[in-house]
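Structure first, then comments.
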Amino acid sequence: MALLFSLIFAICTGPGLSESSPRLRLVGGPHRCEGRVEVERDGQWGTVCADDWNLEAVAVVCRERGCGEAKEPLSGTAYLPSEDNEQQVLIQDVSCNGLEDTLDQCKKTEDGFNCWRNHTAGARCDNPESSIPPVLESVRLADGPGRCKGRLEVGHQGQWSTVCKAGWNLQDAKVACRQLGCGRAVLTKRCCSKATQGQGPIWLSQMSCSGQEATLQDCPSGPWGKISCTHDEDTWVECEEAFDLKLVGGDSLCSGRLEVLHKGVWGSVCDDGWGEKEDQVVCKQLGCGAPLSPSPKARKTYGLGVGRIWLDDVYCSGEELSLEQCQHRFWGFNDCSHKEDVAVICSE
């Protein structure tokens, strides 16, 4: 007698399956890819007898369930239903070659059952969800001197968690700094003193970034949450502050002596080689329209700068979106004094 399977809800199907395929599930295991094998007939779920049950049959079950590799055929008392939830045996003498798309395609006996209650078939497959990293909603550097230095923490489902230093290196830190919108990674180390250690769960370790990824979410890592670390091994990351610039001393944000931010310190720019195209890039980056006039001498209009002179011999094509993209000497290398500080006046 042919099996009739009701279709109560839609299921996702693998290659070769159709919406008319009988339904199958794994029950009682730690996840959807391990447990007692059950099939449905006439709206009722029943078990599979473990006579001749083997790894080939489990491979078919794993494929039908959209799980990973078949690990082990289970039988006997593994995930046995409770006595008050006794179920009828619906299939026995299953014989698969391991290549079928569904258990229904395997040879089997569907009536005349002779199977002991404690001889129920089960299956253990790889759990695909265990290899899919959860969504990291946010990243931050906590308890540092600024937003670009501190103890690395990732956010998931409204909770912050630290990252174990095991396997962490400068390539991983490079990705974290990029995701934070900070400058280049300059230091990563084991964190922290007892007073500044993280609290709560440690979700990630064994990160393995190439350094080119946009976010830590894109990097391979060890199993999520299966961590043998303690908070003595929390990760500390230091990035350079993001490049920034400003005009100071003028009567608006769009005029004044030019200063740029590097390594968290503001400094001026030498006017050697500075001209209209460089003015254009500064005004564009600040959202201040176009330059109004050739750069004036800052010392005459906006006063002398103090501290570092970060840039010298700057050359721009005028097409750059940021002054950081223009050519210049190494940061901090110059033969200037503050009498040569750049000033810019923009139209807006």
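Quick test for you: out of Gly198, Gly183, Gly249, pick the one residue that is closer than 30 Å to Leu304 by Cβ, touching a strand residue (DSSP E or B) at 6+ places or on another chain (Cβ under 8 Å) and not assigned by TED's automatic domain parsing to the domain that holds Lys284.
From the options Gly198, Gly183, Gly249, the qualifying one is Gly183.
Restricting to segment 323-344, name every residue that is among the basic types (Lys, Arg) and either in contact with a Ser or Thr (Cβ under 9 Å, 6 or more places away or on another chain) or in a loop (DSSP other than H, G, I, E, B) (or both).
Result: Arg329, single match.
Restricting to segment 105-125, name every residue that is in contact with a Pro (Cβ under 9 Å, 6 or more places away or on another chain) and at pLDDT 90 or above.
Across segment 105-125, the qualifying residues are Ala121, Gly122, Ala123, Arg124.
When the residues of segment 149-163 are narrowed to those that are over 15 Å from the mean Cα position of the chain (by Cα) and modelled with pLDDT of 90 or more, which ends up farthest from Phe243 (Cα to Cα)?
Arg151
So which strands (runs of 3 or more DSSP E) are wholly in segment 195-274 and hold at least 3 residues that are under 16 Å from Trp331 (Cα atoms)?
255-262, 265-269
Of all the residues that make up segment 231-240, how many are more than 16 Å from Val175 (Cβ to Cβ) and either buried (at least 17 other Cβ atoms within 10 Å of the Cβ) or free of Cβ contacts under 8 Å to residues at least 12 places away in the same chain (or both)?
Residues that pass the stated criteria total 3.
Among the residues of segment 262-275, is any farther than 20 Å from Arg308 by Cα and either in contact with a helix residue (DSSP H, G or I) (Cβ under 6 Å, 6 or more places away or on another chain) or polar (S, T, N, Q) (or both)?
No, the conditions are met nowhere in segment 262-275.
The values are calculated or read from the model by the stated rules, or taken from the named source; none is laboratory data. The shown structure was predicted, so the numbers you read here are calculated from the model rather than taken from an experiment. Neighbour counts run over all protein chains shown; Cβ positions are idealised from the backbone, glycine included.
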